[in-house]
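The values are calculated or read from the model by the stated rules, or taken from the named source; none is laboratory data. None of these values were measured; they are calculated from a predicted model. No Cβ is skipped: glycine too gets one built from the backbone with ideal geometry, and neighbour counts run over all protein chains shown.
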Ligand code: NAP
């Protein structure tokens, strides 16, 4: 990349770009940056390993509920997925393998936590404050992920409980559950994977449900050796299988994204699954949701309902009044003494921006602007924060398809933004306020017709009910918009600074 006048001493390199996070998306961005001829960049990763949320989520039963052939990048094929839905260790191993295959470790600075970002408009440079000193770059790709942070929920009496507390997203493998009385709080996507494993080892499991979710069977097979061999030898066969899965998931949008007659069919299918697996009418009633399918994330499991009916498992639907030193008290006044509480209560989702302050042009604060709900242009650029490109940004979430399919569109868009700044020697590239406003007006209007806005509470919405997370359409539409790059959507300022140019080995 050609650069203009250097204004900084060499001791502080100014990278062409900095990628925040070495999870699936940060690594995917790195692959595409190298492909685009950008190699003076660094990936800042707070942990000492790649993998992001898949590195962190090691709870028993952790697996992806989207088929692996689709939950992977098309440019980083893995012909040997062991199952339809791979377990988390296999996904982590794939991410490690992808890191080596594309020789990405040389770019990663492990053990470096980003604490803040600020943009110098005169220089056209972002300074990233980290716990290991400042880093500078002309552009930044945010790939820190929406489900990277988790903490115990604000439940009354949390600190009084004297037993073992485990957060699903930070599993403590040193704690032996055998023979223990365990409580699980939460019945979302993580819980339905954990509970079937817990009932196999714990003495007893009490599941505290606040809201039952819609559950569809998860048809999970070991991949036949023949298919693995075929995928290895004939990549186009794997591509065809992926395309078929993609189209199958796209079809689900008609019922899960929009509230339509297909939504009613999905409800019927889920009820049939419930009827088939649960014979007790009272339990069935307790497990029947009162919201439209799609409003909250669909749960995919064939072993959750059987686990709930195991002799050592009990579903509790009374609200939790408080935690107490020995367990939980529900609002019917019953004390549930347990040795361990598993909190499968979700994540600290970053609906108001990344988990560090971002200061843009004229000292504006992204967290302040997004306090009531994030807004961006095509989920990737935010006015006033130039040369900054988000992955899994506002309204980029899929309700029916693979996040990694959407991610590919985001990565390509971000790389296009980075190369536009570098190739045109721009000081900055800032999306126009009116373009962003027009985009969001339309988007929010389209969101009103979706299942997510049909009256349930979910982590997709802010406390005020603003949807800052989901994309109201087919993945195909999302990808089409991400493929279209219109320079006229952006305000351009010429005169970028010199970059580190020679690539530096770090980490
Ligand atoms: P979640 O879907 O947000 O579920 C949290 C559960 O905890 C809900 O049942 C919630 O009840 C309950 N809960 C939260 N706070 C509570 C409280 N104070 N008292 C009682 N109950 C409480 O979280 P998650 O299961 O970790 O999943 C989060 C996201 O991670 C998913 O939507 C998905 O995107 C992703 N995920 C993906 C996979 C995969 O296979 N790809 C697997 C796991 C997770 P309410 O419903 O009443 O709020």
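Here are the numbers:
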{"read-out": "Residues within segment 295-318 that are part of a loop (DSSP other than H, G, I, E, B) and within 12 Å of the ligand (Cβ to nearest atom), tallied", "value": "7"}
{"read-out": "Cβ-Cβ under 6 Å pairs, at least 6 apart or on other chains, segment 165-182 side under 13 Å from residue 152 (Cα atoms), far side away from the ligand (no atom under 16 Å from the Cβ)", "value": "166/172"}
{"read-out": "The listed residue being at pLDDT 95 or above, part of a loop (DSSP other than H, G, I, E, B) and more than 16 Å from the ligand (Cβ to nearest atom), out of 373, 353, 333", "value": "333"}
{"read-out": "Subset of segment 377-433 that is within 20 Å of residue 496 (Cα to Cα) and free of Cβ contacts under 8 Å to residues at least 60 places away in the same chain - its residue that is surrounded by the most Cβ atoms within 10 Å (Cβ to Cβ)", "value": "382"}
{"read-out": "Complete set of residues in segment 455-485 that are within 16 Å of the ligand (Cβ to nearest atom), within 15 Å of residue 396 (Cβ to Cβ) and out of contact with any strand residue (DSSP E or B) (no Cβ under 7 Å at 6 or more places or on another chain)", "value": "459, 468, 475"}
{"read-out": "Scope segment 1-36; condition modelled with pLDDT of 95 or more and either in a loop (DSSP other than H, G, I, E, B) or under 15 Å from residue 136 (Cβ atoms) (or both); matching residues", "value": "14, 15, 16, 17, 18, 19, 20, 21, 22, 23, 36"}
{"read-out": "Check on residue 192, within 16 Å of the ligand (Cβ to nearest atom) and not assigned by TED's automatic domain parsing to the domain that holds residue 473", "value": "yes"}
{"read-out": "Any hit, segment 201-220, residues being outside the structural domain of residue 338 (by TED's automatic domain parsing), surrounded by fewer than 15 Cβ atoms within 10 Å (Cβ to Cβ) and more than 14 Å from the ligand (Cβ to nearest atom)", "value": "yes"}
{"read-out": "Selection from segment 476-499 of residues that are surrounded by 15 or more Cβ atoms within 10 Å (Cβ to Cβ) and either assigned to a helix (DSSP H, G or I) or without any contact (Cβ under 8 Å) to a residue 60 or more places away in the chain (or both)", "value": "478, 479, 481, 482, 489"}
{"read-out": "Residues within segment 293-304 that are touching a helix residue (DSSP H, G or I) at 6+ places or on another chain (Cβ under 6 Å) and surrounded by fewer than 21 Cβ atoms within 10 Å (Cβ to Cβ), tallied", "value": "1"}
{"read-out": "Verdict on residue 321 being surrounded by fewer than 18 Cβ atoms within 10 Å (Cβ to Cβ), within 14 Å of the ligand (Cβ to nearest atom) and over 30 Å from residue 260 (Cβ atoms)", "value": "yes"}
{"read-out": "The lone exception for residue 144 - which of (1) within 18 Å of residue 346 (Cα to Cα); (2) assigned by TED's automatic domain parsing to the domain that holds residue 304; (3) within 16 Å of the ligand (Cβ to nearest atom) it fails", "value": "(2)"}
{"read-out": "Segment 48-58 - residue that is farther than 14 Å from residue 86 by Cα and in a loop (DSSP other than H, G, I, E, B) and, of those, nearest to the ligand (Cβ to nearest atom)", "value": "51"}
{"read-out": "Meets criteria (within 23 Å of the chain's Cα centre (by Cα) and within 23 Å of residue 56 (Cβ to Cβ)) for residue 215", "value": "no"}
{"read-out": "Condition check for residue 174: at pLDDT below 95 and out of contact with any strand residue (DSSP E or B) (no Cβ under 8 Å at 6 or more places or on another chain)", "value": "no"}
